[in-house]
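Below is one structure; the comments refer to it alone.
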Amino acid sequence: MQFLFVFFLITNIYISNIRLELFTSITHLTHLLNTEVELGKRLEGYLKEEYERLHNVEKFLNVIKDEVRQAQQDSDHYFGNPVNAYLFIKHLTAEWYAVEDLIKPENGKDLIKQIGDDWIFPSFEDYTGSATALMRLQDTYELNTSQVANGEISSNFKSKKLSARECFDLGRVAYTNNDYYHTLMWMQEALDHLDSEPGNDTTDKLAILDHLAYATSQQGNIEHALALTDEMLNIVPDHLRAKNNKIYYEAIIKNRTLTKQQRKGDLGHDDNDLGAKITHIEIKRSTNDNFEVKNIRPSDYLEEREIYERLCRQNTTHLNVARQSKLFCRYRHNNHPRLIIAPLKEELLLDRPEIFLFHDIISSKDIEEIKSLASPKLKRAVVQNPKTAELEAANYRVSKSAWLRNEDSPAVARLTQLIGDATNLSMITAEDLQIANYGVGGHYEPHFDFARVRKKSEKDAFSSLGAGNRIATWLTYLSNVERGGATVFPVAGARLVPKKGSAAFWYNLFASGEVKLMWKDLNLTNDDLILFATRFIRLFSYGMLSVTLILYLTEIGFSQVNIGTLFTSILIGDIILTLFLTTTADILGRRNILIVGSLLKLFAGIVFAFVYNYYALLIAGTIGIISPTGGEIGPFLSIEQACLTEQVKDNGKVAKIFSLYHACGYISTAFGTFLSGFIIRIMTHHYSFTTLNAYRIILLHYALFGLIKALMYLTLTSKIEVTPLGKSTKEEISTKWYSKKFGLRLYESKITVIKLCCLFIIDSFAGGFVLQTIIVYWFHETFKMDTDKLGIMMMLANVASGISEYERLSISSAVCATPLVSKFGAIKTMVITHFPSNIFLLLIPLMPTKLWAITLLLLRFSISQMDVPARQTFVMTSVEADERSAAGGITNLVRSIGLSISPLFVGYSMKDPNKKFLFGLPFIISGLLKCLYDILLFLIFYVKKRRIEITNENSLNNLM
């Protein structure tokens, strides 16, 4: 029994031990089950990521497969679409970089390496360049952003609709380039597409709003930028940058009383650039309270931008009937044996300058051979840096080029020989054949195809090619272009459409070797020539009168006080009369007002010649038009310039015509002053005229010129008017007269204009002390100068003044080589040219001899007018765009008022020529006041502006 008990006990213990191990194993399995659950989750997440990764790779693969399928059908047509070209390069750069990161190194390393070694990929610069090219085409051809984004460029160019992400990427390229004009367009388009796409991402919307808000603020729409920032904060309340920007925008809005110059500092942007193109974009918000914002295309260095782009858009060159009649087509052989057998088809496309188009110059076989030879040699085209003279790539020339020699192929040799036969020019000194390839958005901005040898930077432009200046240019077209691709000539207003196998030819130099700048090729109409002629006659008569008027009034017995009062009355009357006539010219007709002004000139001349009564002359001078200053008076200048701009729509030509127009005036004034003195001397010394009668003859000539002008104005056509003056037009204009023509309203620019008026009235008041007639009188009495010598002196003074003014005006037309405004800015230019002339002025009466006094006078006139264009530019860029006309009208009115007051005081100062100091006091007062004007101008608008800019830069660094 004991044995059995012991065995049972041992067995029981053994079984119990077995059960204990089993319990321990089950517990571990339970824990392992949790591991398995977590493992499943991790594997599921891993597979999801892998599926998503592979899905993205597959998605990219499907995109490029679809792209390859479409491109292989007709690659030239496919890539001719700028949207397709942009997306293609984007796929192989930005998107491929993202796919590259998705491919696992252990599996795809060999694949990536093999592709990178064996195949060429575009660079990221190519990607940004293609985006910029698309936006350049959008501007040049005025393509709507939505149409481009929806793939509806034209009936011939259809492409896929861009996604919100693709629109965003385009906007981000512009944003990176500080191009907020296009940023605003494309970010808004991205927002529109995002709202219409299913499953849009909040993160994407936040990024779009972030870029859109900042671009909107940089375009001057602060309130709208604040609204977009608030929308960002509704999505992410703790967005740090949005919170800081909100404070910044609210501070600007609160401080709306700041001057315009200060707000420029706040925004880092000037929305009043001359020539800037303003469009309006509708900003859509989730709150459904949409609004429009202004979007300003920034002005740039290229003055001909507007006409250049317009010529690219239009279908043909627009010539009048007279010029079209001079064009022809003919066979040309130049009596050359080879061409007698096979003459060339020559077409004259333009008569001034002559541009020829030769048809069917080269066979398709030779074209393909030349293209195949050039393709492997194509490199980014370069231009000569004007400062370093080095050849380098530039944004204004986007293309690739290669150079071929005659020995490279018989096709090249045949083309070279043909060019020599057709032009009769030696090909020994010609450059090698340059093959240029302009891709989508490729362009070469307006440029001279020759070296302007007078410019130091261009003197040796072709030395690297071993050639002299370009006598002529031959341009062979090797392909057709479905849209765009034209060769345009902005100054000539011509356009040449590429045609495969044809060639354009034109001369760059005259036979003498002088360059053809086409400055004179302005295509002036008959109306323009009449306006130039009336300008010349008018200023000629003003110049004649400036030498004799004050001497005539003295001769008939008027005191200096009476003369000063008369001059003041004349100038005040001119202010009222000119204001009335110029504000009614578009209602009553410009030609009619010009005729009325000329008849008033005739009236004033006759009355002054035959009437000696002081009060009669006072009335005639006030209601008539007679110039005591030697410069413009009456409504003629404003109305004639309006007529010229009505005839010429191209800004580049307008600037050049105005340059000639002003120069014409100064030259005629100079001749008028010169001839007036000689006519009086001849009549008094050779024909026994009394001095009084000689002066009267000048006044009668003045009246006669008024009559001649009236008859010339009668020949003007209706093209100079705003619109044909029908009954309905008159009624329509009349209803808008007071609100648009006569109302000089200012809002944002009020403070700036008030400051300018306070300064300009000081300058013009000072100028009234030294009118040309007063200068003539001072020299006549002080140095006993005869009228003929006075005429020569004033002629030289006006020529010097005309040269300085002409040079400044030429800057705006890209002809003059001394761009002071561009280098120093408007304020500095005004001060550095005006201040020294004022010093010369106040020193004139202190000179001991006539020679020194005349020398200082000529020095003064040589630089005194150089501030005028700078002043006009400053006024126009210091005020809001929609207030420029009002600002210009008010500041000119104030200047006229200041000019009319001071002659009254001159009469009292110059009563006695024997009192030398008092007699010369007007020069000293004028010089000192003008110096004060320069100092105040510099302190108020330059020094203060710099302080504000520094302050705003510090604020911007703290907030942004």
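Worth pointing out:
- Glu189 vs. criteria among the acidic types (Asp, Glu), in the same structural domain as Tyr127 (by the TED database) and more than 23 Å from Glu95 (Cα to Cα): no
- Only helices (runs of 4 or more DSSP H) whose full extent lies in the range 856-960 are considered here, and the ones with at least 2 residues that are under 35 Å from the mean Cα position of the chain (by Cα), among the hydrophobic types (A, V, I, L, M, F, W, C) and at pLDDT 65 or above are 884-901, 916-938.
- Residue within the range 463-481 that is at negative phi, within 25 Å of the chain's Cα centre (by Cα) and modelled with pLDDT under 75 present: no
- Ser546 surrounded by 24 or more Cβ atoms within 10 Å (Cβ to Cβ) and in contact with a helix residue (DSSP H, G or I) (Cβ under 6 Å, 6 or more places away or on another chain): yes
- Among the residues listed as Val821, Val799, the single one being at pLDDT 65 or above, under 37 Å from the mean Cα position of the chain (by Cα) and assigned to a helix (DSSP H, G or I): Val799
- Selection count, the range 777-792, where residues are assigned to a helix (DSSP H, G or I) and either modelled with pLDDT under 85 or surrounded by fewer than 19 Cβ atoms within 10 Å (Cβ to Cβ) (or both): 9
- Hits in the range 175-184 - residues which are under 13 Å from Gln218 (Cα atoms) and assigned to a helix (DSSP H, G or I): Tyr175, Tyr180, Tyr181, His182, Thr183, Leu184
- Subset of the range 922-943 [open to solvent by 40 Å² or more (accessible area, probe 1.4 Å) and not β-branched (Val, Ile, Thr)]: Leu928, Leu929, Leu932, Leu936, Phe938, Leu939, Tyr942
- Members of the range 709-740 that are surrounded by fewer than 16 Cβ atoms within 10 Å (Cβ to Cβ) and either at pLDDT 90 or above or more than 38 Å from the chain's Cα centre (by Cα) (or both): Leu711, Leu714, Thr715
- Pairing each residue of the range 334-345 that is farther than 12 Å from Leu418 by Cβ with any residue that is of a type in the set (Phe, Trp, Tyr) and open to solvent by less than 50 Å² (accessible area, probe 1.4 Å), provided the two are 6+ apart or on different chains, yields C-beta distances under 8 Å for Lys345/Phe358.
- Residue match in the range 401-411 (condition: under 21 Å from Tyr444 (Cα atoms), at pLDDT 85 or above and open to solvent by 70 Å² or more (accessible area, probe 1.4 Å)): yes
- Cross-chain or 6+ apart pairs with Cβ under 9 Å, the range 579-598 first and farther than 14 Å from Leu711 by Cβ, then among the acidic types (Asp, Glu): Asp586/Glu721; Gly589/Glu721; Arg590/Glu640; Arg590/Glu646; Arg590/Glu721
- Listed by first and then second residue, the pairs with beta-carbon distance under 8 Å, at least 6 apart or on different chains, first residue in the range 81-97 and among the aromatic types (Phe, Trp, Tyr), second buried (at least 19 other Cβ atoms within 10 Å of the Cβ), are Tyr86/Ser130; Tyr86/Ala131; Tyr86/Ala133; Tyr86/Leu134; Tyr86/Leu170; Tyr86/Val440.
- Only one of Ile361, Ile355 that is of a type outside the set (Gly, Ala, Ser), under 24 Å from Asp449 (Cα atoms), open to solvent by less than 50 Å² (accessible area, probe 1.4 Å) and out of contact with any Phe, Trp or Tyr (no Cβ under 7 Å at 6 or more places or on another chain): Ile361
The values are calculated or read from the model by the stated rules, or taken from the named source; none is laboratory data. Quick caveat: nothing in here was measured; it's all calculated off a predicted structure. Cβ sites come from the backbone with ideal geometry, for glycine too, and all protein chains shown count toward neighbours. Heavy atoms of the whole protein, side chains included, go into the accessibility calculation; ligands, DNA and RNA do not. Shrake-Rupley method; radii C 1.70, N 1.55, O 1.52, S 1.80 Å.
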